[in-house]
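These notes concern the structure reproduced below.
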Amino acid sequence: MEDKGISKKEVFDDLKEFKKQDMNYRSGRILGSMCTCPHPVGVEAYTMFLESNLGDPGLFKGTKAMEDDVITMLGELLGKRDVCGHIITGGTEANIMAMRAARNSARILKGIRDPEIIVPKSAHFSFKKAADMLCLKLREADLDENYCMDMDSVKELLTDKTVAVVGVAGTTELGKVDPIEELSKICYKKNIYLHVDAAFAGFSIPFLNEMGYNFPKFDFNLPGVCSITIDPHKMGLAPIPTGGILFREKRYLKAMSVETPYLTEDRQSTIVGTRTGASTAATWALMKYMGREGYRKVAGKCMELTGTLAQGIRESGFKLVTEPQLNIVAFQSGNMSPDEIADLLKEKGWAVSIASYPRAIRIIVMPHLKEEHIKTFLMDLKDINHGS
Ligand SMILES: Cc1ncc(COP(=O)(O)O)c(C=O)c1O
């Protein structure tokens, strides 16, 4: 940093140069992200609450009241109105909090000192971080032929050290929904903590079901489900960073709370201390503004475009890894590797991602994608397959 500052104009001219290097969602060129253009109502609410700190909620009572409201609304969406939880930075923090709650609860109630968790092989890498930070042994269950968690494998991995089982509703790579109802039965019977990672699909499955889709049960309606991750900054259209963690009972938050001597609350359960209230304000505003009807339209449109994309991909001579269950399409080619396809698409200005299991091009049909983007993409994909 220089001793003397530069003018505001110079600062913003420089910022514009940096911004030019960034991609943006509106271009329709970002095809491999689970984030999207934040809705303007969320952005306005976010900027209105920039100085509020939920790490010190006694100073920001209005924001705290909004957080309570948002948690209740999210709980309602996921089968239980009287849940507790927090609005945090995203799915990673939510999953770490859930694993911490499970580990601490098992230590308190069962005296487990060498804890293990079971996650599907398709689980997000945030569980690897959680396992590392919380000294948990990570046991990965196999997937079945549909890329969902294999129940026999789960049963084999269960031990008297298992402190949590994780099921995913909307896997990161393929958008699959694990058999959460079966997991719930087992975990409930054995009194093992079950966490559902619905970071991606928590904001779409409930709305799609209202429209006649028939997704398997995955939420608090299942008695074994102890916590759910749901990210407003994915299909909820909230600005980054906005994640949500919901717990069935207060005791899970209590199991990881620490004393906070100098703040306006006595104890704190979140990982971070200072925590923006802006994300909460944005989520509150959006849930009120959009209503269920607004989110039904968003989720429904993404599924419609997913169908168009999947069909176009097939017609261009590529093979889908699996029939899309949610708004994610993964595909392969008989004569090109996913890396080669991704490189060729990059040359044409498209940013796709590559799934690891199986290796395939992965496209997430987020709300920033419109018909014209899909159409142009499919034309480019056809060209690639024909070598032009
Ligand atoms: C299922 C799932 N869980 C957790 C995460 C992590 O979310 P974040 O990147 O917001 O930390 C992701 C991210 O894509 C995800 O797909």
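The values are calculated or read from the model by the stated rules, or taken from the named source; none is laboratory data. Here the structure is a predicted model, which means the values were calculated and not measured. Neighbour counts are summed over all protein chains in view; Cβ atoms, including those assigned to glycine, are modelled from backbone coordinates with ideal geometry. The area values use the complete protein model at the heavy-atom level, side chains included, leaving out ligands, DNA and RNA. Shrake-Rupley method; radii C 1.70, N 1.55, O 1.52, S 1.80 Å.
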(request) Could you tell me the distance between the Cα centroids of the stretch 66-116 and the stretch 231-309, to the nearest Å? (result) 12 Å
(message) Using a 7 Å offset from the Cα along the Cα-to-Cβ direction at both Y357 and D22, what is the distance between the two label points in nm, to one decimal?
(response) 3.4 nm
(message) Students often check this: by mean Cβ neighbours within 10 Å, which of 344-354, 166-176 ranks highest, and how do the rest follow?
(response) 166-176, 344-354
(message) Relative contact order of the chain, please, whole-number percent, based on alpha carbon pairs below 8 angstrom and at least 6 residues apart.
(response) 23 percent
(message) I'd like to compare 7-19, 191-203: which one has the highest average count of other Cβ atoms within 10 Å, and what's the full order after that?
(response) 191-203, 7-19
(request) Binning at 10 Å from 0, report for the stretch 266-388 what percent of all alpha-carbon pair distances ends up in each bin. (result) 12, 35, 23, 19, 10, 2, 0
(request) Could you pull the Cα extents of the stretch 278-343 along its three principal axes, largest to smallest, in whole Å? (result) 49, 24, 15
(request) Quickly rank 94-100, 177-183, 361-367, 378-384 as a protection proxy: mean count of other C-beta atoms within 10 Å, highest first. (result) 94-100, 361-367, 177-183, 378-384
(request) Specify which residue in the list I228, T92, F247 is farthest towards the positive end of the charge dipole of the stretch 41-288, using unit charges on the beta carbon of Lys, Arg (+1) and Asp, Glu (-1), about the Cα centre. (result) F247
(message) Projecting each Cα onto the charge dipole of the chain (Lys/Arg +1, Asp/Glu -1 at the beta carbon, about the Cα centre), which of F127, P338, F377 comes out farthest on the positive side?
(response) F127
(request) Beyond 32 Å between alpha-carbons counts as too far, so tell me which of K121/K217; K80/K176; K234/K348; K16/K297; K9/K301; K129/K217 fall in that bin. (result) K16/K297; K9/K301
(request) With no solvent and one equal point scatterer per Cα, compute the Debye intensity ratio I(q)/I(0) for the chain at 0.08 Å⁻¹ and report its log10, rounded to two decimals. (result) -0.44
(message) From the protein chains alone at 1.4 Å, what is the descending order of accessible area for M66, M133, M211, M48, largest first?
(response) M48, M133, M211, M66
(request) Can you pull a Stokes-Einstein diffusion coefficient for the stretch 96-250 at 25 °C (0.890 mPa s), Rh from Kirkwood over Cα pairs, as a whole number of µm²/s? (result) 158 µm²/s
(request) Would you compute, from DSSP H runs of 4+ residues alone, the mean residue ellipticity of the chain at 222 nm, taking -39500 (n - 2.57) per run and dividing by the full residue count, rounded to the nearest 500? (result) -13500 deg cm²/dmol
(message) Rounded, prolate or oblate for the stretch 64-150? Axes are the square roots of the Cα gyration tensor eigenvalues, ordered a ≥ b ≥ c, and the cut-off for rounded is a/c under 1.5.
(response) oblate
(message) I'd like the carbon and sulfur percentage of the solvent accessible area for the stretch 327-385, probe radius 1.4 Å, heavy atoms only, ligands and nucleic acids excluded.
(response) 50 percent
(request) For the stretch 47-194, give the magnitude of the charge dipole about the Cα centre (Cβ charges: +1 Lys/Arg, -1 Asp/Glu; no others), in debye to the nearest 20. (result) 640 debye
(request) Note down the magnitude of the dipole of the stretch 41-288 about its Cα centre, charges +1 on Lys and Arg C-beta and -1 on Asp and Glu C-beta and zero elsewhere, to the nearest 20 debye. (result) 720 debye
(message) Quick check for me: using +1 on Lys/Arg Cβ and -1 on Asp/Glu Cβ, what's the dipole size of the stretch 149-295 about its Cα centre, in debye to the nearest 20?
(response) 360 debye
